[in-house]
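Worksheet: the structure to be examined is printed underneath.
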Amino acid sequence: MRKLSNRQMKRLVQEALLELSEEDRALITALYFDNVSVHKLAKELGISRPAVRYRRKRALDKMRAIIERKQYE
């Protein structure tokens with residue numbers, strides 16, 4: 001991965017978020033932008049904390065792949 005400026009990385013993260021499913025985008029937004037805890041989000045979604053962590057990992061993996069792809073476009 002090449003070195004990106006903060007502005008470039010911010011743009012790529014925003015683009016990657018938009019490419020996620022609505023469910024994944026809502027989860028990442030809640031955890032990282034709204035600072036909702038895994039525990040609270042699990043309660044709100046009616047799922048276990050490990051399920052929230054698994055969904056977070058899956059969504060972040062998707063974002064990484066999108067960012068890597070877009071950085072070379």
>> Filter segment 4-53 down to the residues that are among the charged types (D, E, K, R) and either touching a Phe, Trp or Tyr at 6+ places or on another chain (Cβ under 6 Å) or over 17 Å from E73 (Cβ atoms) (or both) and list them by number.
In response: E22, E23, D24, R25, D34, K40, K43, E44, R49, R53
>> For segment 18-39, give me the residue count where each residue is of a type outside the set (V, I, T) and surrounded by 13 or more Cβ atoms within 10 Å (Cβ to Cβ).
In response: 9
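Rule-based calculations on the coordinates, nothing more; no lab input. This is a predicted model, so every value here is computed, not measured. A quick note on method: Cβ atoms are made from the backbone with ideal geometry, for glycine too, and the neighbour counts reach across all protein chains shown.
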